[in-house]
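J.: Just passing along the structure, written as structure tokens.
The values are calculated or read from the model by the stated rules, or taken from the named source; none is laboratory data. Note that the structure is a prediction, hence the values are computed from the model and not measured. Positions of Cβ are backbone-derived with ideal geometry, glycine not excepted, and every protein chain shown enters the neighbour counts.
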Amino acid sequence: MKGVTVITHPLVQHNLTRLRDRRTRPQEFRRVLSEVAALMLYEATRSFTANPVNVQTPLASARGFKLSREVVLVPVLRAGLGMLDSILQLIPSARVGFIGLKREETTLRAQSYHKSLPADLRRFEVILIDPMLATGGSAVAAMDLLKERGAQRVRLVNLVAAPEGIRRVRRHYPALPIFTAAVDRRLDEQGYILPGLGDAGDRLFGV
Ligand code: PRP
Ligand code: URA
């Protein structure tokens, strides 16, 4: 699928399998989701631009690089929180915005309940983080909020995506790069991804 990068690295796939396993309890689920997020970040940031700079080593001058733009990480609450800490460790200078969305159970519409974002996102690289892309309603709602703040360079990092969700995101945001560890079969009647991993928020936090 155009614009969708499926990260097939064996460590990512190994960890995804542990997360899918129904026997994985919240304590382990949190740890493994955090680890896999860090691994996925390498791929998701591969096309970040960097400017050449000179640096003095103890012995001589060396050519190096500095990221061209500041980064804003935006986890979608709740489940996106499970991917935040390890990514923040890799990009400690990043700012962190939050978007709170909850799918309404019957309509599957994403209801927004929280937003805290920089006033102007134009100059930033934005990484939108949510383990699950199901109907795509949450991702589109989150993107709408980022666009309202002027975001121009956004990447969406999911762990598991459904074809339905990818299609919906594509309809609204055709150029948004999506990084995921898996594109699963389809959604079930309740809007859960099959085979998926269940309710990511519940599995992370136990409620
Ligand atoms: C889950 C998940 C995504 C959303 C995906 O969140 O973390 O945000 O569902 O579904 P969609 O693509 O159909 O919108 P949920 O609304 O269950 O909230 P939670 O993370 O607080 O449990
Ligand atoms: N949200 C989840 O947490 N899991 C799904 O399968 C779909 C939406």
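J.: Quick check on segment 30-86: of everything there that is of a type in the set (S, T, N, Q) and in contact with a Leu (Cβ under 9 Å, 6 or more places away or on another chain), which residue is farthest from Arg123 (Cα to Cα)? Walk me through it before giving the result.
T.: Pass one, segment 30-86, residues of a type in the set (S, T, N, Q): 34, 45, 47, 49, 51, 54, 56-57, 61, 68, 86.
Narrowing the set further to residues that are in contact with a Leu (Cβ under 9 Å, 6 or more places away or on another chain) leaves 34, 45, 49, 51, 86.
Details: Ser34: 27, Thr45: 16, Thr49: 13, Asn51: 15, Ser86: 24 Å.
Residue satisfying both the conditions and the ranking: Ser34.
J.: Just to verify a result, which residue in segment 98-133, among those that are in a loop (DSSP other than H, G, I, E, B) and within 13 Å of the chain's Cα centre (by Cα), is farthest from ligand 2 (Cβ to nearest atom)?
T.: Of the residues in segment 98-133, the ones in a loop (DSSP other than H, G, I, E, B) are 104-109, 117-124, 130-131.
So of that shortlist, the ones also within 13 Å of the chain's Cα centre (by Cα) come out as 130-131.
Working: Asp130: 9, Pro131: 7 Å.
Among residues in segment 98-133 that are in a loop (DSSP other than H, G, I, E, B) and within 13 Å of the chain's Cα centre (by Cα), the one farthest from ligand 2 (Cβ to nearest atom) is Asp130.
J.: Here is a further query. Quickly run through segment 134-146 and pick out the residues that are within 12 Å of ligand 2 (Cβ to nearest atom) and not polar (S, T, N, Q). Give the derivation first.
T.: In the first step, residues of segment 134-146 are kept if they are within 12 Å of ligand 2 (Cβ to nearest atom); the result is 134-139.
If the condition is that a residue be within 12 Å of ligand 2 (Cβ to nearest atom) and not polar (S, T, N, Q), then Ala134, Gly136, Gly137, Ala139 are the ones that fit.
J.: Residues in segment 140-162 that are within 24 Å of His9 (Cα to Cα) and free of Cβ contacts under 8 Å to residues at least 60 places away in the same chain: how many?
T.: 4
J.: Okay, next question. Could you grab me the full set of residues in segment 78-97 that are hydrophobic (A, V, I, L, M, F, W, C) and within 12 Å of ligand 2 (Cβ to nearest atom)?
T.: Taking segment 78-97 and keeping what is hydrophobic (A, V, I, L, M, F, W, C), we get 79, 81, 83-84, 87-88, 90-91, 94, 96.
Result: Ala79, single match.
J.: With the condition kept exactly as written, say whether any residue in segment 103-117 is closer than 17 Å to Gln152 by Cα and not acidic (Asp, Glu).
T.: Yes - at least one qualifying residue is present in segment 103-117.
J.: Within the group Glu148, Glu105, which residue is among the charged types (D, E, K, R) and closer than 17 Å to Leu77 by Cα?
T.: Glu105
J.: Further question on the same structure: Whether any residue in segment 8-25 is modelled with pLDDT under 95, in contact with a helix residue (DSSP H, G or I) (Cβ under 9 Å, 6 or more places away or on another chain) and among the hydrophobic types (A, V, I, L, M, F, W, C) is what I want to check.
T.: No; the residues of segment 8-25 include none that is modelled with pLDDT under 95, in contact with a helix residue (DSSP H, G or I) (Cβ under 9 Å, 6 or more places away or on another chain) and among the hydrophobic types (A, V, I, L, M, F, W, C).
J.: Does any residue of segment 81-101 turn out to be of a type in the set (Ser, Thr, Tyr), surrounded by fewer than 19 Cβ atoms within 10 Å (Cβ to Cβ), within 21 Å of Phe205 (Cα to Cα) and at pLDDT 95 or above? Lay out the reasoning, then the answer.
T.: Start the filter on segment 81-101 by keeping residues that are of a type in the set (Ser, Thr, Tyr), which leaves 86, 93.
With surrounded by fewer than 19 Cβ atoms within 10 Å (Cβ to Cβ) added as a condition, the list becomes 86, 93.
With within 21 Å of Phe205 (Cα to Cα) added as a condition, the list becomes 86.
Then keep just the ones that are at pLDDT 95 or above; that gives 86.
Scanning segment 81-101, I find at least one residue that is of a type in the set (Ser, Thr, Tyr), surrounded by fewer than 19 Cβ atoms within 10 Å (Cβ to Cβ), within 21 Å of Phe205 (Cα to Cα) and at pLDDT 95 or above, so the answer is yes.
J.: Let me ask another. Quick one: which of Leu117, Leu156 is within 21 Å of Arg95 (Cβ to Cβ) and within 12 Å of ligand 1 (Cβ to nearest atom)?
T.: Leu156
J.: May I pose another question? Could you identify the single residue in Leu176, Leu156 that is away from ligand 2 (no atom under 13 Å from the Cβ), outside any helix (DSSP H, G or I) and surrounded by fewer than 24 Cβ atoms within 10 Å (Cβ to Cβ)?
T.: Leu176
J.: What number of residues in segment 179-188 are part of a loop (DSSP other than H, G, I, E, B), surrounded by 15 or more Cβ atoms within 10 Å (Cβ to Cβ) and within 13 Å of ligand 1 (Cβ to nearest atom)?
T.: Selection size over segment 179-188: 1.
J.: In the list Gly191, Gly165, which residue meets the criterion of being within 13 Å of ligand 1 (Cβ to nearest atom), in contact (Cβ under 8 Å) with a residue 12 or more places away in the chain, over 21 Å from Thr45 (Cα atoms) and part of a loop (DSSP other than H, G, I, E, B)?
T.: Values: Gly165 fails: part of a loop (DSSP other than H, G, I, E, B).
After ruling out the rest, the residue left standing is Gly191.
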